[in-house]
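Enquirer: Quick one: this structure, given as structure tokens, is what I'll be asking you about.
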């Protein structure tokens, strides 16, 4: 069980770190800014989760290869010119993967610690969305999660419940993990592609 | 003793959640934004208090009916049109009640854990003001606490000391709690009504 | 050993609190704003460090003379008119001293708790830079750490490794502490004086 969770966590970290670094480069930040935004995007949600659940040591302290990997990625993103050609809109795909991975893993950790399904779903949403919200705040964008924009946090919430249902029905955590996170990532990408929103402004703009 | 603290905590949560949701609606946010701002306004101060005091599990994890109640409130506030007619200025009253309840309860918890009166008063102010400061920051307002505006945090600080004095004189925690929080809520409402400030700009504006 | 660490911590707190209060006065805040910005600048980094490392009680709860000192300083800064003549640019020196002290002490605490050199250097940088980043965010400035500005966080990172090297070579923690923090403070002041940056914009501005 450890292996698949660890592998997914690394995928989520890389995906979120890349999404942060693309934004940081688009905002013309220096290497320290690129590393910091990448680190906070990738680690912010999981750190908040570990602090609230009193789950110590915090996961990136236990696995120091994770911050080290982000440090290496930030050197590549800072000095490799081709990165500049990536348009900021491209963050949708790594961001959707990160959202899926961290939502499901955050919810699972809360369950492992004995919390209820509702609390686990809340912590899943926090783990999945907080890193991206910090990234947007620090890059001076209003966090997407607060705008009447394509659905984001609500997908994470529904995905967590889908995961709980699969665990209950299928008796296989590995398959359920995969279903939950693929659901979240795919629905998020579709929501951006087809502009699915919870509410729309009545007035044209 | 548990019952009155629990009841006050629910009143404070509902008051702060409503203050957050009024602002979120005034900013035209979607249902996820309304829930998130309501949740953070109501839970931000207490979560910071619990993390700093190492008081686990964090109170809303122990009482999952609290986030559930905020979820239900946010559905009402998102889809009930009459809410739109509430002017943002109306947040003064629920915000003052939340400030009073959370300041006194935050200070009391710190005392229960064996800290000094000064540390307890500081944590009371943090518990009372942090949720509202987060609400304002995330809704792109400069937190009121940082402007030369009507007194806010200083009322919370004085109210905590009044509460300590009452506990020492009256030997009844329930009466002292009531005196402390009514003092804070009423003085705050009067401060807004009669424009009481600590300092004024010398220049006219 | 306790005495020199405690003395350095007090110096760092006073230096960072003053840097925060100068900015708060320049932004025309009232006494509560001056105290809050001073407190958050001085305590933000160490509080984040203690929460992430699960090091309880948080240091300023253990040493209540620290918040008390900031309270007294904020009264002086709020009502002593001569403070207004301090230009905001003057925060460079107290800020550099705070950066040096907190970076080295944060790294040392992480080592004391058994973490690796890399994790200790990361926590040193967080302890040293987070308070100042919060100060800038709350005063509505983009944190300097995210701009292509004079080097800041990278000095803290290099200074932590220099400190580890000195501990290993010199076998005296007191001398190593002094070398590490003087290095950070002096290089930071020189970086501002001679405009040393990691990257520059290609375009003129």
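Enquirer: In nm, give the distance between the simple-model label positions of residue B:172 and residue A:193, each being 7 Å from the Cα along the Cα-to-Cβ direction.
Expert: 6.7
Enquirer: Now for a separate question. Remind me, relative contact order of chain A in percent, using alpha carbon pairs under 8 angstrom and six or more residues apart?
Expert: The normalised contact order for chain A reaches 24 percent.
Enquirer: Mean-square fluctuation check for chain C, GNM, Cα pairs under 10 Å: which of C:116, C:19, C:78 is largest?
Expert: C:116
Enquirer: Which chain B residue puts its Cβ closest to the axis that rotates B onto A, and at what distance in whole Å?
Expert: B:51, 3
Enquirer: Run lengths n ≥ 4 of DSSP H only: what is the helix-derived mean residue ellipticity at 222 nm for the protein assembly as shown, with -39500 (n - 2.57) per run over all residues, to the nearest 500?
Expert: The helix contribution divided over the protein assembly as shown gives -24500 deg cm²/dmol.
Enquirer: Please list the three semi-axes, largest first and in whole Å, of the ellipsoid equivalent to the stretch A:2-193, using sqrt of 5 times the eigenvalues of its alpha carbon gyration tensor.
Expert: 27, 18, 14
Enquirer: State, to one decimal in nm and shortest first, how far the label point of residue B:92 sits from each corresponding label point in the other identical copies (label point: 7 angstrom along Cα-to-Cβ).
Expert: Shortest to longest, the spacings are 4.6, 4.6 nm.
Enquirer: Same structure again: How far is it, in nm, from the label point at residue A:72 to the one at residue C:186 when both lie 7 Å from their Cα along the line to the Cβ?
Expert: 3.6
Enquirer: Largest first and in whole Å, what are the equivalent-ellipsoid semi-axes of the stretch B:1-71 based on the Cα gyration tensor, each being the root of 5 times an eigenvalue?
Expert: On the way: eigenvalues 104, 35, 20 Å².
Equivalent ellipsoid of the stretch B:1-71: 23, 13, 10 Å, largest first.
Enquirer: Let me ask something additional. With chain B treated as a Gaussian network of Cα nodes joined by springs under 10 Å, which of B:77, B:130, B:194 yields the largest mean-square fluctuation?
Expert: Comparing B:77, B:130, B:194 in a Gaussian network model of chain B, the most mobile one is B:194.
Enquirer: Using a 7 Å offset from Cα along the direction of the beta-carbon, what are the separations from residue C:117 to the same position in each other copy, nm, ascending?
Expert: 5.1, 5.1
Enquirer: Counting only other chains, what is the mean number of Cβ atoms within 10 angstrom of the Cβ of each residue in peptide A:49-58?
Expert: The mean count of partner-chain Cβ atoms within 10 Å per residue comes to 5.
Enquirer: Of C:99, C:51, C:69, which has the largest mean-square fluctuation in a 10 Å C-alpha GNM of chain C?
Expert: Comparing C:99, C:51, C:69 in the GNM, the peak value goes to C:51.
Enquirer: Which percent of Cα pairs goes in each bin when the distances of the protein assembly as shown are cut into 20 angstrom slices starting at zero?
Expert: Answer for the protein assembly as shown: a P(r) of 19, 54, 26, 1 percent.
Enquirer: Note the distances from residue A:6 to each other copy's matching label point, with points 7 Å along the Cα-to-beta-carbon direction, in nm, sorted shortest first.
Expert: 4.4, 4.4
Laboratory data are not the source of any read-out in this text; all were calculated from the coordinates shown. Quick caveat, the model's predicted, so the values are computed rather than measured. Note: ideal-geometry Cβ built from the backbone for every residue, glycine included; neighbour counts use all protein chains shown.
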